[in-house]
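To keep things clear, I will list the structure first and then write my remarks on it.
Read-outs: derived from the displayed coordinates by stated rules, not from any lab. Being a predicted model, the structure only gives us computed values, none of them experimental. Cβ placement follows ideal geometry from the backbone for every residue including glycine, while neighbour counts extend to all protein chains displayed.
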Protein chains: 2
Amino acid sequence: MKQILSGDDLIKLLAALSNPFRLKIIAILHQEKQYVSQLARELGISRPLLYLHLQKLEEVELIKGHHEISETGKAMKYYELNSFNIVLNEQIIADLAENLSIKKRKD
Amino acid sequence: MKQILSGDDLIKLLAALSNPFRLKIIAILHQEKQYVSQLARELGISRPLLYLHLQKLEEVELIKGHHEISETGKAMKYYELNSFNIVLNEQIIADLAENLSIKKRKD
DNA sequence: TACACCTGTAATATAATTATTACATATGAA
DNA sequence: TTCATATGTAATAATTATATTACAGGTGTA
């Protein structure tokens, strides 16, 4: 995970964390790496939806996926958690807010 | 600001922080308290939109509003920033993820 | 072959967030 | 009175985020 964030990166990171399924994914992967289908079962959601959440977490580098060949020869996709430590206070946010992009509607 | 958060509270807090206007509001209020119309001018947005953002920040107790009577006698609504310090790592999130509510669609 | 697993994505629907427009009300000053 | 300032909200539109459904393909085993 990046050490120095831009304001935009911070927003993406916080957005990635502000969803219950994604927090639960982090909690599960904190125990041990897990593959997609098993994760979907544990969370009680469909794989397509899970992929969406995994992508958001991977985009901000909170998790990382890789392929493994199981003992029985099947291709499995495992995800594991990256370690991170985020500190937020008013000074840090004030600094990062300096360079922040605002999306314009209908340009 | 609360010291002990639930998982749901954490999500609300992070959601409140994952918006560029709201980070800018925090940055401005970090300098000094400000009243609504002036804030809207500085941010370049309408007051109705600003109210929406202010409400989200106030709901999670990052800011606090109060009324003041200006020298000229007008009622002004000022907002000021609460100090905060948020630390997030995988262990903290794993703990908070234990009690997390998942919204059901069409129950 | 048929079954039980697995990965992956496209197309679509639903819900939530963000943004706009249009009001109503009040005060002080010219 | 008229103008410029302020607070506040209701109704609606636009955009983004979430969620579902329906596919296509692969491997190992009975």
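Entry remark, region B:65-96: residues being loosely packed, with under 13 Cβ neighbours inside 10 Å and under 30 Å from A:GLN31 (Cβ atoms) number 4 in total. Might you let me know whether region B:63-77 holds any residue that is free of Cβ contacts under 8 Å to residues at least 40 places away in the same chain and closer than 19 Å to A:ILE93 by Cα? Checked against the condition, which is being free of Cβ contacts under 8 Å to residues at least 40 places away in the same chain and closer than 19 Å to A:ILE93 by Cα, region B:63-77 yields at least one hit. The set of residues in region B:35-62 that are more than 13 Å from DNA strand C (Cβ to nearest atom) and farther than 26 Å from A:LEU88 by Cβ contains only B:ARG41. You will find that of A:LEU39, A:LEU62, A:LEU50, the residue that is under 28 Å from B:ILE26 (Cβ atoms), within 16 Å of DNA strand D (Cβ to nearest atom) and crowded, with 16+ Cβ neighbours inside 10 Å is A:LEU62 and no other. Could you tell me whether B:ILE11 is facing chain A (nearest Cβ under 9 Å), of a type outside the set (Asp, Glu), within 12 Å of DNA strand C (Cβ to nearest atom) and more than 21 Å from A:ILE93 (Cβ to Cβ)? In short, no. Regarding A:ILE69, is this residue within 12 Å of chain B (Cβ to nearest Cβ) and within 12 Å of DNA strand D (Cβ to nearest atom)? Against the criterion (within 12 Å of chain B (Cβ to nearest Cβ) and within 12 Å of DNA strand D (Cβ to nearest atom)), A:ILE69 does not qualify.
Taken together, the criteria place A:LYS56 among residues that are out of contact with any strand residue (DSSP E or B) (no Cβ under 8 Å at 6 or more places or on another chain), within 16 Å of DNA strand D (Cβ to nearest atom) and touching a residue at least 40 places away in the same chain (Cβ under 8 Å). B:ALA16 satisfies every condition listed in (1) assigned to a helix (DSSP H, G or I); (2) within 23 Å of A:LEU13 (Cβ to Cβ); (3) over 11 Å from the mean Cα position of the chain (by Cα) except (3).
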